[in-house]
Structure formats: structure tokens, C-alpha cells
Amino acid sequence: MLKIIDNFLNRTTMYKTVLYYLMALWLIAFFLSVFGFLSYAPASMVISLIILLITAWATNNVFSYIFEVPANIESIYISVFILVLIIDPALSGNQYIFLGWAGIIAMASKYIFAWNHKHLFNPAAFAVVITGFFINGYASWWIGTLVMMPFVLIGGFMVVRKLKRTDLALSFFIVAFSSVVIFNILQGGNIFNILWQTIASSPILFFSFIMITEPLTTPPSRFLRIIYGTIVGFLFLPQIHIGSLYFTPEIALLFGNIFSYLVSPKRRLTLKLKQAIQISPDTAEFIFNSDYQMHFKPGQYLEWTLGHKKVDMRGNRRYFTIASSPTEKEFRLGVKFYPEPSSFKKALAYMNDGDTIIASQLSGDFVLPHNKKKKLVFIAGGIGITPFRSMIQYLIDKKEKRDIILIYSNKKEVDIVYKDIFDLAVKNLNLRVIYTLTDLKDEQEKMKWTGKVSQIDGKFILDEIKDFRERTFYISGPPSMVAGIENTIINLGLSKRHIKTDFFPGFA
């Protein structure tokens, strides 16, 4: 079942998954209101959505023009649908004004309350906090109702799985749920009523799936994300207050955003294309110059934003691993092009020297272990080799020897990239490299090829890695391949703590 869900989720980008989920929730709520299962008038729901769409779209375009940065269409719509799901549908002129200001403030906050082009606060949360202080307009979080709970829960599970932020969602939920339940029990409440009300009649589920996981305001590593979720989860308790200021879900999130900002990379880079090189029939390497040397760990990834015309449904943002090492001056990006590429990849392919792209949101735990004596196996499929290119180039430059076996799988020999770097590592670092092909049908190619011709299955691992039980496996490549090899290793008797998989959502 999970494999079917993952295959479905891999067809779209992360932001689109979130957007479709929010749109589905609104549509479900709309039809529930039509049939009387929700008390809101269908017309007021539509009017509220239209007001937010117009004000948010116009504001974002104005600020995008002023600050000369690409407008992220998904970001506008995501913020709009969050707001329309947490603010009661408008019925009067004052409520229309409230909604309008919420849309304006949400979009403006991304540009005004930002440092080095990186915004500090969740836009929707910031908007309802400001409107609450100045025009007495508050979020009701009506999405947290019993009739909407099944839809929030099912779709939310898929969103968190796509974002790979289960650690963050769970840390928040466990702390928030425990705090609310324990406090109310101590106040003499009925435990069963408290448990039911906390799940069915509060925004805790929607908050866990959507609000806390917003990528641009979350920390870059798993450990920091758990701390972030714990902080916001504790502040989620409505009895928490500073003087006369009592915490609401949105205020709790803003305090968490401040923590996240303090522990996260602060800079958003504008990179200029230096050179694009074709390194295999369907793979290109893009080399970018930067005025600022970002500090990162080999194997981490960035969010890349490329403004272009005729943006398709997959949007203008992607996550790609940094192929270069922190020891190199340029940023390198290895990209595989599929037969029907997205508008993003088409625009990337047509970039000229000197054209710019924006890189931000440095993240990722797919990095070398601190213990240099730990034995490792790197398994890469296709363009999943990029984090290992970064790591191995780093080890070469640092003259740092580690016990590493690299297994690199491709369909054909011409698909192998970065072989010169791996050959250098074999010579200087005693790295062991095993190349294997999976689509070698031509007889002449078979005669020339001296490496393996095999899928990476249990037999392959047993034959090639005699001490596999002593090693930690790093796997990067297409999601289906990563999941398959992970299951293979587990079936060989290793636990998940011996396996690290790359967060690799950038195949579209």
C-alpha cells in the first residue's frame, strides 16, 4: 500500500502536493456546507476565497516586482488556502476587510520581514497574528472540526510522507497533545472527553501536517527539527502566556519560527551560470559562480528557484543536491533530463552564461558521519550519484581516507558520470568502486564492458561486500530504487539505523 502511495506522490512536486491537499480540503468543506454538514454558507466560502486570492495575488506581484525576485505561484495559493481554512467565511463588510488585510499581510511578510531574502515567519500565521493585534480579526481554525477530521488525517499523512517530515510532525503532535491532555486532567477534566476534543475539535492535526512543516521556516537537520517541533508543541498549550499575552496556535508557531531562523542558514543566494556541460546523453552539469561562499556539508541539498515564462503545473522551484564540495569555489548542479521535461528543466537547459538562479533553504542529513573510522557503502542510481560526488571530492581535497565502497548503477556505460573523480579517489584514497549496468543488451557493448551487469539485489550485496554487517549504507537515486534497496538490506538482517537514504524529490 505504501508503495502505491509513494508512486502516486512521486508524480508531482512537494509544493504541488501540499497545494492539491489544501484545495481538496476546501472543496470537501464547500460541498459539506452545501449539504448542511457545515454551518457556513457556500456563498460566503466562495466570496472569502475570491477576496484572499485577489489580495494575495496582487500583493505578491507588486512586491515581487519591487524586489526583483521570481513570484512563486504555489506559495501564493498555499497561503491563500491555509487562510481560508483557518478564518471563518466572511458574512459582512468588516469581515471582508479582515480577509483582505490577511491576504495582503501574508504576502508582504515574505518580503518585508526577511533577512538576506529569506523570510522569517510562516506567512499565514503572521497575517492572523497581526490582524488580531490591530483590527481584532482572529483565526477560528474551523478546519479542526469532527466532520473534516478524516480528510485532514488521510491527506495530511500523504503530505508529511511526501515532505519526509514525519520527525517534525510527530515531535510537535506528541508534545502538543501530551501538554493539552495533562494540563486539562490536572484541572479535573474527564480524560475521555479531553482526548476526543483534542483530536476531533482542535486544529492539532492540521497544524501537525501543514503549519509546522512549512519548508521555508523549518530547521535544516532532523535533530533541530525535533527541537523545533517540541518548542512549538509546548507553546501550543492555550494556557501558556507572557503577562496578558496568551498563546494561540499561530503565536506559538511564530516563536518557533524565530528559533528556526536562529539555527538555520540565513542567506538566499543569487547564482550566475558560469558554464553548462553535457556529461552524459541525458545529464548536464551546471556550474554557478557566487559572490558568497555558503558553508555546507557534502551531501546536503538546496531549493532552487528559476523564474521563467509559461510555468507549468510543476512550478518554478526544485530541490537538488549540491554536486560540488564545500572545498570548491563554484556551485555544481547535476541534472538529468527526461523525455518530457518540466518547464523548470526546459528553462534550466536554455540558460545562458551569466543568467541567474536563486538557491536557498540549505538542508539535509545525508552527510558523512563524524566517526571517520566507520565503514561505509555508497549506493547510487543514475543522477543519485551527486551527493557522493560532493562527498568524495571533499575527501580528495582534504586528503581524508575512509573505508568506503561505492556501488554505482546505471542503465548503460554512457550514463556513468564523474568517473574521473572516482578514479582519482581509487588511486589516492583507496576507495573501492563497483560499476554495474542494468540495460546492457548490445553484444558489442557487452564485450567492451568489464564491470558488473546486474541489479543491486541481496545476492549482489552478499557477493561484493563480505563485511556488509559492519557497514552503514547510504542510498541515493530514484525513489523506487532507494525503497527497493533499503528493503533488500533490511531483509539481509541489518536494521534501519544502518541505512541512510537521500531526500531526493527533484526528479520532475
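Identify, please: which residue in the stretch 290-312 is farther than 15 Å from Phe388 by Cβ and either among the charged types (D, E, K, R) or modelled with pLDDT of 95 or more (or both) and is, among those, nearest to the chain's Cα centre (by Cα)?
Among residues in the stretch 290-312 that are farther than 15 Å from Phe388 by Cβ and either among the charged types (D, E, K, R) or modelled with pLDDT of 95 or more (or both), the one nearest to the chain's Cα centre (by Cα) is Glu303.
Please work out if Val80 is free of Cβ contacts under 8 Å to residues at least 60 places away in the same chain and surrounded by 19 or more Cβ atoms within 10 Å (Cβ to Cβ).
Considered against the rule, which asks whether it is free of Cβ contacts under 8 Å to residues at least 60 places away in the same chain and surrounded by 19 or more Cβ atoms within 10 Å (Cβ to Cβ), Val80 comes out as yes.
Could you give me the residue pairs with C-beta distances under 6 Å whose first residue belongs to the stretch 345-361 and is outside any loop (DSSP other than H, G, I, E, B), whose second residue is surrounded by fewer than 20 Cβ atoms within 10 Å (Cβ to Cβ) and at pLDDT 95 or above wherever it lies, and which are 6+ apart or on separate chains?
Thr356/Lys272
Limited to the stretch 31-76, what total is found for residues that are loosely packed, with under 14 Cβ neighbours inside 10 Å, among the hydroxyl-bearing types (Ser, Thr, Tyr) and not in a helix (DSSP H, G or I)?
1
Search the stretch 203-221 for residues being in contact with a Gly (Cβ under 9 Å, 6 or more places away or on another chain) and in a helix (DSSP H, G or I), and hand back the single one that is modelled with the lowest pLDDT.
Thr217
Is there any pair linking a residue in the stretch 124-139 that is crowded, with 24+ Cβ neighbours inside 10 Å and modelled with pLDDT of 90 or more to one that is among the acidic types (Asp, Glu) and assigned to a helix (DSSP H, G or I), with Cβ under 9 Å and at least six apart or on different chains, and which?
Once the first residue is crowded, with 24+ Cβ neighbours inside 10 Å and modelled with pLDDT of 90 or more and sits in the stretch 124-139, its partners that are among the acidic types (Asp, Glu) and assigned to a helix (DSSP H, G or I) give Ala124/Glu250; Ala125/Glu250; Phe126/Glu250; Ala127/Glu250; Val128/Glu250; Ala139/Glu250.
One residue is enough: does the stretch 89-100 have a residue meeting the conditions crowded, with 19+ Cβ neighbours inside 10 Å, among the hydroxyl-bearing types (Ser, Thr, Tyr) and part of a helix (DSSP H, G or I)?
No, the stretch 89-100 contains no residue that is crowded, with 19+ Cβ neighbours inside 10 Å, among the hydroxyl-bearing types (Ser, Thr, Tyr) and part of a helix (DSSP H, G or I).
Kindly indicate whether Arg165 is under 20 Å from Leu2 (Cα atoms), assigned by TED's automatic domain parsing to the domain that holds Trp26 and at pLDDT below 95.
So Arg165 fits the description; yes.
How many residues does the stretch 479-489 hold that are at pLDDT 90 or above and closer than 18 Å to Lys336 by Cα?
Final tally of qualifying residues: 2.
Return the pairs, sorted by first residue and then second, in which the second residue is buried (at least 16 other Cβ atoms within 10 Å of the Cβ), the first residue lies in the stretch 462-483 and is of a type in the set (Ser, Thr, Tyr), the beta carbons are less than 6 Å apart, and the residues are 6+ apart or on different chains.
Here the result reads Thr472/Leu376; Thr472/His498; Tyr474/Phe378; Tyr474/Lys500; Ser476/Ala380; Ser476/Gly384; Ser476/Pro387; Ser476/Asp502, each pair linking the stretch 462-483 to a residue that is buried (at least 16 other Cβ atoms within 10 Å of the Cβ).
Within the stretch 231-241, how many residues turn out to be assigned to a helix (DSSP H, G or I) and of a type in the set (A, V, I, L, M, F, W, C)?
Qualifying residue count, the stretch 231-241: 4.
Please work out if Val414 is surrounded by fewer than 19 Cβ atoms within 10 Å (Cβ to Cβ), in contact with a helix residue (DSSP H, G or I) (Cβ under 6 Å, 6 or more places away or on another chain), in the same structural domain as Met481 (by TED's automatic domain parsing) and β-branched (Val, Ile, Thr).
So Val414 fails the test.
Table: residues versus (1) within 32 Å of the chain's Cα centre (by Cα); (2) over 23 Å from Ser280 (Cβ atoms).
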site: Asp415; (1), (2): yes, no
site: Lys452; (1), (2): no, no
site: Arg471; (1), (2): yes, yes
site: Ser480; (1), (2): yes, no
site: Thr488; (1), (2): yes, yes
site: Lys496; (1), (2): yes, yes
site: Lys500; (1), (2): yes, yes
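Every residue in the stretch 356-379 that is more than 15 Å from Ile322 (Cα to Cα) and either crowded, with 23+ Cβ neighbours inside 10 Å or not basic (Lys, Arg) (or both), please.
Listed by number, the residues that qualify are Thr356, Pro369, His370, Asn371, Leu376, Val377, Phe378, Ile379.
Being out of contact with any strand residue (DSSP E or B) (no Cβ under 7 Å at 6 or more places or on another chain), β-branched (Val, Ile, Thr) and under 21 Å from Val482 (Cβ atoms) is the requirement here; does Ile461 meet it?
In short, yes.
Any idea which residue in the stretch 242-274 is modelled with the lowest pLDDT, counting only those that are closer than 18 Å to Ser202 by Cβ and not in a helix (DSSP H, G or I)?
Tyr246
For the stretch 374-388, which positions are in contact with a helix residue (DSSP H, G or I) (Cβ under 8 Å, 6 or more places away or on another chain) and either among the aromatic types (Phe, Trp, Tyr) or assigned to a helix (DSSP H, G or I) (or both)?
Phe378, Gly382, Gly384
Could you please find all residues in the stretch 145-178 being of a type in the set (D, E, K, R) and either closer than 24 Å to Arg11 by Cβ or free of Cβ contacts under 8 Å to residues at least 40 places away in the same chain (or both)?
Arg161, Lys162, Lys164, Arg165, listed by residue number.
Which of the following residues is modelled with pLDDT under 95, in the same structural domain as Leu99 (by TED's automatic domain parsing), under 21 Å from the mean Cα position of the chain (by Cα) and buried (at least 19 other Cβ atoms within 10 Å of the Cβ): Val180, Val160, Val152?
Of the residues listed, the single one that is modelled with pLDDT under 95, in the same structural domain as Leu99 (by TED's automatic domain parsing), under 21 Å from the mean Cα position of the chain (by Cα) and buried (at least 19 other Cβ atoms within 10 Å of the Cβ) is Val160.
The values are calculated or read from the model by the stated rules, or taken from the named source; none is laboratory data. Bear in mind that the values here come from a model prediction, so they are computed numbers and not experimental data. Every residue, glycine as well, gets a Cβ built from its backbone with ideal geometry; the counts of neighbours run over all protein chains shown.
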